[in-house]
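The values are calculated or read from the model by the stated rules, or taken from the named source; none is laboratory data. Note that this is a predicted model, so its numbers are computed, not measured. With ideal geometry, Cβ positions are generated from the backbone for all residues, glycine too; neighbour counts draw on all protein chains shown. Keep in mind that these areas ignore ligands, DNA and RNA; they rest on the heavy atoms of the full protein, side chains included. Shrake-Rupley method; radii C 1.70, N 1.55, O 1.52, S 1.80 Å.
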Amino acid sequence: MSKFSEWFHEILEEAEIIDTRYPIKGMHVWLPQGFKIRKYTLNILRNLLDQDHEEVLFPLLIPEDELAKEAIHVKGFEDEVYWVTHGGLTQLNKKLALRPTSETAMYPMFNLWVRSHSDLPLKFYQIVNTFRYETKHTRPLIRVREITTFKEAHTIHTDSEGAENQVKDAVELYKSFFDALAVPYVITTRPEWDKFPGADYTVAFDTLLPDGKTLQIGTVHNLGQTFAHTFDITYETESGDHQYVYQTCYGLSDRIIASVIGVHGDESGLCLPPRVAPVQVVIVPILFKEGKEEVLDFCRKVEKKLKTQSMRVYLDDRDIRAGKKFYEWEMRGVPLRIEIGPRDIKNNKMIVVSRNNLEKKTLDYHEETLILTINTLLDNINQEMKDKAWERLKNNIRKVKTVEEAQEEITESGGIIQFSWCGKTSCGKDLEETLRVDLLGIESQVEEEDKCINCGKAAKKTTLLAKTY
Ligand code: PR8
């Protein structure tokens, strides 16, 4: 197990995010602290989606014949489906699948819902659990068999341009979402052999974890008309013809939480972006025998004041050493700590410590401007976390000109390798095998003509590869 992997498992336990002792492999329990981080993360996501999507909720079970209808899709998932075969002691006539994703649950209903061009576009999403019998090594939040936080959006359009534009919109939406979490990413079009089963193409977001491996944290799929044909989803055009729709879908999972934890954490533990931290500000009174009540009263006043702005504040007045409290709140990733002692009250001062860099500052205390001061500090923390994470990602993308160079970089530094590729499947797969990595995909068109690092033929694409989770 790598050092990061160990750190990750330990912090999930120590910060009470997930309990991994549930007796089914790949299925875990969200603990209250983890559940809160998840809730605030989903609040950001819902706010973004609700601007032009409708939230819905479909059943968990999918009849076998519906799941089997779309041949390419079912082929992609056949090894991963859990089946319900019995109701009590009675064997079911028709097996029921636990959704691995909900295309085949939703699209038979879309067949009933979509009538006229004037109904379109339609944009739905749901946040549900899905089940995938993963055979690769499972890891909490990263590769699970019950994905507890599966956000899936599904859209329907009259023409291919509509679907194409929706892919771009979804990419923008995910950018805003990951920016709010201060999580950096690379965006690529996945190679043919790694696209979503049934999609025309797949665009993916990957982030880099501290051990130099990338984690796919979001995907956007252009489904074209494949599912529309399979599920006979048509609309009446203005002139009265019937046309098949165009569709997209895009998904996120528990990995969004894994990325927040993995990207920002450090040797002191979690480091949470203010917007998703269950406690954003902790107040620690510095108590001496004398003047104890006065300090506590003052701290309560500060707590009350900050709470009026619905800031998530906690006054830690437990009767234990302040140092122990600092250690604990740092481990839990609370973005800002305020320390107030008797001398500070006398001098109209307070000490603030930012979790992201553990820097300590003494500030003037003014009741009127307290909220503004704290909000500014939280905003700065978010920005600093974002800058630092982006810098680390950028510093770990290395351009190579030869396969040997790629090999060297991957072995010595890990991270993401940028190179030129002719675009042929055979060359791409060759590289994956030789280097024991995954091709993340095509980043952009190379401006100048270049040569494929594998076959030496003309290359029109810059591509990224990495060791992946
Ligand atoms: C779709 N259909 O399903 P996708 N554990 C954690 N995260 C996972 C796992 C797992 N076992 N498997 C996949 N993910 C489309 C889009 C509806 C919505 C993550 O797409 O199969 C992937 O990293 O690409 C991906 O980002 C997301 O779930 C969506 O899965």
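The table below gives the values:
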| read-out | value |
| --- | --- |
| Filtered residues of the range 315-327 (kept if surrounded by fewer than 18 Cβ atoms within 10 Å (Cβ to Cβ) and of a type outside the set (A, V, I, L, M, F, W, C)) | 317, 318, 319, 321, 323, 324, 327 |
| Selected residue [farther than 21 Å from residue 203 by Cβ and not assigned by TED's automatic domain parsing to the domain that holds residue 201] from 417, 453, 442 | 453 |
| Residue within the range 116-133 that is farther than 23 Å from residue 39 by Cβ, assigned by TED's automatic domain parsing to the domain that holds residue 256 and within 11 Å of the ligand (Cβ to nearest atom) present | yes |
| Residues satisfying the stated conditions in the range 437-455, i.e. open to solvent by 100 Å² or more (accessible area, probe 1.4 Å) and under 28 Å from residue 218 (Cβ atoms) | 445, 447 |
| Matching residues in the range 184-199 - criterion: being in a loop (DSSP other than H, G, I, E, B) and either free of Cβ contacts under 8 Å to residues at least 24 places away in the same chain or more than 13 Å from the ligand (Cβ to nearest atom) (or both) | 184, 191 |
| Test: residue in the range 162-171 that is in contact (Cβ under 8 Å) with a residue 60 or more places away in the chain, surrounded by 20 or more Cβ atoms within 10 Å (Cβ to Cβ) and within 11 Å of the ligand (Cβ to nearest atom) | yes |
| Lone unmet requirement of (1) closer than 20 Å to residue 198 by Cβ; (2) at pLDDT below 95; (3) open to solvent by 20 Å² or more (accessible area, probe 1.4 Å) for residue 109 | (2) |
| Any hit, the range 347-361, residues being in a helix (DSSP H, G or I), open to solvent by 10 Å² or more (accessible area, probe 1.4 Å) and not assigned by TED's automatic domain parsing to the domain that holds residue 209 | yes |
| Residue list for the range 205-256, restricted to those being away from the ligand (no atom under 14 Å from the Cβ), outside any loop (DSSP other than H, G, I, E, B), open to solvent by 40 Å² or more (accessible area, probe 1.4 Å) and out of contact with any helix residue (DSSP H, G or I) (no Cβ under 6 Å at 6 or more places or on another chain) | 229, 236, 242, 243 |
| Qualifying residue in the range 375-385 (condition: part of a loop (DSSP other than H, G, I, E, B), in contact (Cβ under 8 Å) with a residue 12 or more places away in the chain and open to solvent by less than 30 Å² (accessible area, probe 1.4 Å)) | no |
| Residues located in the range 332-346, provided they are surrounded by 15 or more Cβ atoms within 10 Å (Cβ to Cβ) and in a helix (DSSP H, G or I) | 342, 344, 345 |
| Residue match in the range 270-283 (condition: free of Cβ contacts under 8 Å to residues at least 12 places away in the same chain and over 15 Å from the mean Cα position of the chain (by Cα)) | no |
| Any hit, the range 324-333, residues being over 30 Å from the mean Cα position of the chain (by Cα) and among the acidic types (Asp, Glu) | no |
| Hits in the range 179-202 (condition: open to solvent by less than 20 Å² (accessible area, probe 1.4 Å), out of contact with any helix residue (DSSP H, G or I) (no Cβ under 6 Å at 6 or more places or on another chain) and β-branched (Val, Ile, Thr)) | 186, 188, 202 |
| Any chance residue 62 is more than 18 Å from the chain's Cα centre (by Cα), modelled with pLDDT of 95 or more, in a strand (DSSP E or B) and within 23 Å of residue 127 (Cβ to Cβ) | yes |
| Strands (runs of 3 or more DSSP E) contained entirely in the range 415-469, each with at least 2 residues that are of a type in the set (Lys, Arg) | 458-466 |
| Candidates 136, 123, 175, 151, filtered to the one that is of a type in the set (Lys, Arg), in a strand (DSSP E or B) and open to solvent by 30 Å² or more (accessible area, probe 1.4 Å) | 123 |
| Condition check for residue 378: under 27 Å from the mean Cα position of the chain (by Cα) and closer than 20 Å to residue 15 by Cβ | yes |
| Of all residues making up the range 264-295, the number that are on the phi > 0 side of the Ramachandran plot and crowded, with 20+ Cβ neighbours inside 10 Å | 1 |
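Per-residue answers, yes or no, for (1) within 14 Å of the ligand (Cβ to nearest atom); (2) open to solvent by less than 70 Å² (accessible area, probe 1.4 Å); (3) in contact (Cβ under 8 Å) with a residue 12 or more places away in the chain:
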residue	(1), (2), (3)
47	no, no, no
52	no, no, yes
68	no, yes, no
79	yes, no, yes
93	no, no, no
100	yes, yes, yes
105	yes, yes, yes
